[in-house]
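The values are calculated or read from the model by the stated rules, or taken from the named source; none is laboratory data. A quick note: this is a predicted structure, and the numbers were derived from the prediction, not measured. Counting neighbours? That spans all protein chains shown, and the Cβs are built from the backbone with ideal geometry, glycine included. In case anyone asks, the SASA skips ligands and DNA or RNA and just uses the protein heavy atoms, side chains included. Shrake-Rupley method; radii C 1.70, N 1.55, O 1.52, S 1.80 Å.
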Amino acid sequence: MGQGLSLRVGGGKATREPETPHRLECDYLVVGAGASSLAFVDSLLTELPRAEVVLVDRHDAPGGHWNDAYDFVRLHQPSMFYGLASRKLEGSWLWNFLLCRAPWKHRANKSEILAHFASGVRHWVKSGRVRYYPRCEYDFSQPEAVHSEGGTLRRFRGCDGSTEYTALVRHKVVNGTEHEPLIPSRCPLPFPVDKGVEVITPNDLAASKKRRDAYVVLGCGKTGMDVVVYLQRKMRVDPKRIHLVVPSDVWIWNRFPPEIWRRGGPWDYVHRYLELDGDFDKTLLSLEAEGLFFRLDPERMPTVLRHPIIEQGELDLLKRTNHIRRGRVSSIVRAANGKDVLVKFGPNFLPLTFAENTAFVHCCSPGPFNGHLAAFTGGSVDVFDSPTSVSLYIIFTPPASLPSCAIAYLEAAARRGTLDLEFGRNLVEDADLEPWQVLQRLFHPWPAMNRGCKEQVAPILNLALFFAVADRDCLEVLRWFRGNKLSLFSTLYYRSNMWNALNAMAAKRDVLRLTAWEERVVRKLIVKLEPIKEF
Ligand SMILES: Cc1cc2nc3c(=O)[nH]c(=O)nc-3n(C[C@H](O)[C@H](O)[C@H](O)COP(=O)(O)OP(=O)(O)OC[C@H]3O[C@@H](n4cnc5c(N)ncnc54)[C@H](O)[C@@H]3O)c2cc1C
């Protein structure tokens with residue numbers, strides 16, 4: 001099944017009702033085999049070596065949305081900090097050096113990413129600790145059936161409906177689907193298009209040799225940016241023939257800012273935000289002045305921060321194209337002459353006319369900003385949502401993989417009894433809570449789409465909470481981070497300045513509108529984390 005991964009189905013384990021190919025037993029049933037879930041499983045198996053996992057996914061192969069991505073996609077960020085903590089996505093360092101490539105500049109392509117995830121899953125399946133069910137679907141709306149001897153009974157079925165499986169889950173169901181990106185190859189355009197107008201996806205662009213007179217790139221997120229770069233670098237299209245629809249100007253991270261080794265990575269934003277009293281525009285302008293952020297047009301103030309990452313050379317290519325700033329496209333229709341094509345916008349803008357042999361490249365899907373309210377706006381969702389389930393939300397700023405490792409570490413620490421439960425209960429001011437309830441109260445998803453002051457500092461607060469409760473000794477947590485290749489702490493000189501940020505939060509409690517309880521939490525964290533204040 002799927003990529004030739006052999007499955008261990010049934011056998012080997014004493015169960016209350018004997019396992020059969022369709023009646024399984026496991027500690028964790030993990031739904032989704034994308035980056036979020038696989039980073040979780042990888043860390044869980046390291047922290048709880050005896051844990052048994054059933055892994056269920058709709059796709060044919062591990063890797064989630066990367067299976068459906070365009071062929072020229074690459075990670076936006078260095079490979080070093082993405083994927084599984086237990087193996088190197090950037091390949092052997094020696095090999096990289098021999099090829100005169102800096103390993104930290106390696107950005108994996110689609111096949112490298114898929115091979116990385118497949119080899120991880122293959123290894124776990126071989127070890128007998130994971131049973132992998134590709135082309136299967138889990139229904140999250142199913143009622144929880146508690147088993148009389150402990151655990152819960154869960155069902156999933158083959159996507160073709162032919163087979164149903166029942167799993168007795170001793171500990172938890174893990175939802176690794178909340179950040180599933182919506183991508184052009186899987187989503188129709190969100191507006192009407194006349195018959196015969198050539199709309200292609202980035203996947204079609206890579207697959208086809210056909211050249212067009214002009215290209216209209218519909219959308220200026222990371223996929224749109226990738227397409228513009230591909231058209232110029234690989235297809236040698238003259239930038240004058242490329243039209244980039246920019247519905248709103250966006251802030252763009254510089255992949256390699258000046259003096260990168262002295263930088264705090266994603267935390268630089270939070271520090272500057274606190275320094276500048278929560279002024280969003282001033283924060284980004286000042287980071288832009290230092291070379292951390294780009295924008296397409298220095299005359300226009302971006303309104304959107306969605307974390308695309310590019311480098312100077314790519315920005316130069318983007319700048320050379322024609323930018324269309326008329327808001328979102330509302331439809332694409334044939335002109336009255338039956339040949340030309342009209343691109344229409346909202347009521348305040350005139351349509352634009354393009355000649356017949358123009359390709360419209362669909363880059364309008366929201367990617368990771370998938371509309372799951374829970375995933376990006378926060379609200380009343382929890383990571384540790386019940387005694388029998390956990391959801392893999394991003395709790396720190398991206399890269400996406402490390403937060404899942406951190407959630408696995410918390411889950412394992414709760415099982416092993418190594419959480420600093422006393423401190424956790426002290427933080428939530430309730431001495432009677434179970435470990436999962438303490439984690440539930442403390443860890444909330446990072447609501448990346450919210451512009452509120454607290455939301456902007458949420459990732460660093462979550463990082464501090466993790467350091468404070470994941471173990472009684474915060475130096476032990478630091479050791480864990482340092483040993484995790486997905487963490488910036490694993491690099492020699494990295495400092496997050498988290499402790500200084502906590503002090504700034506306490507000092508700026510009015511700017512952040514901290515409640516009295518939140519302020520107490522911050523002050524307790526400052527005391528507990530003093531031993532790692534240098535980091
Ligand atoms: C083009 C692109 C480039 C990106 N580059 C980066 C980057 O460089 N760095 C970064 O940090 N992030 C990047 N991202 C963000 C990306 O969201 C994350 O990196 C990550 O891959 C998301 O993984 P995931 O596991 O959350 O989702 P997915 O990869 O979508 O995995 C979720 C899986 O769950 C399965 N599933 C969903 N529902 C069910 C169900 N009910 N039953 C069974 N299976 C189910 C799906 O089939 C899917 O395989 C990028 C995103 C895109 C679109």
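Below is a table of values for the structure above.
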read-out	value
Carbon/sulfur fraction of accessible area - the chain, other protein chains in place, 1.4 Å, %	52
Asp68, Asp432, ranked by accessible area, largest first (probe 1.4 Å)	Asp432, Asp68
Kirkwood Rh in Å, taken over all unlike Cα pairs in segment 75-118	10.5
Rg ratio (alpha-carbon, reference 2.2 N^0.38 Å) - segment 230-284	1.66
Glu25 long-range amide H proximity, modeled H, under 5 Å	Leu168
Theoretical FRET efficiency, 1/(1+(r/R0)^6), r = Cβ-Cβ of Thr166 and Arg101, R0 35 Å, to 0.05	0.10
Length-normalised contact order of the chain in % [C-alpha pairs under 8 Å, at least 6 apart]	16
Tail beyond 13 Å, pair distance distribution of segment 494-535 (Cα, percent)	50
The chain: angle of helix 516-528 to the longest principal axis, Cα-based, in degrees nearest 10	70
Gained length - Ala516 relative to Val304, 0.36 nm times residue gap less alpha-carbon distance	73.2 nm
Dipole of segment 237-373 [Lys/Arg +1, Asp/Glu -1 at C-beta], most positive-end residue of Ile324, Pro351, Gly367	Pro351
Surface accessible to a 1.4 Å probe, per residue, for the residues of the chain, Å²	44
Accessible-area value, Met80, 1.4 Å probe, nucleic acids and ligands omitted, Å²	20
In sequence order, calculated HN-Hα J values of segment 36-48 (Karplus, 6.51, -1.76, 1.60; Hz; x Gly/Pro)	5, 5, 5, 5, 5, 4, 4, 6, 4, 5, 6, 7, 10
For segment 38-89, fraction of C-alpha pairs farther apart than 16 Å, in %	56
Ser127, Ser148, reordered so the largest accessible area comes first (probe 1.4 Å)	Ser148, Ser127
Cα coordinate range in the chain, projected on the principal axes (Å, largest first)	73, 60, 53
20 Å cut-off, amide nitrogen to a point 7 angstrom out along Glu476 Cα→Cβ, residues in segment 38-58	43-51
Coarse-grained scattering of segment 270-346 at q = 0.20, 0.25 Å⁻¹, given as base-10 log I(q)/I(0) from a Debye sum over alpha-carbon atoms	-0.99, -1.22
Neighbour cut-off at most 13 other Cβ (10 Å), DSSP loop, GluC sites (Glu not before Pro), segment 269-369	Glu299
Over the chain: helical MRE at 222 nm, DSSP H runs n ≥ 4 each giving -39500 (n - 2.57), nearest 500	-9500 deg cm²/dmol
Order of exposure, largest accessible area first, which applies to Thr152, Thr303 with probe 1.4 Å	Thr303, Thr152
Two-site FRET efficiency, Ser148 against Glu530, from Cβ-Cβ distance with R₀ of 60 Å, rounded to 0.05	0.80
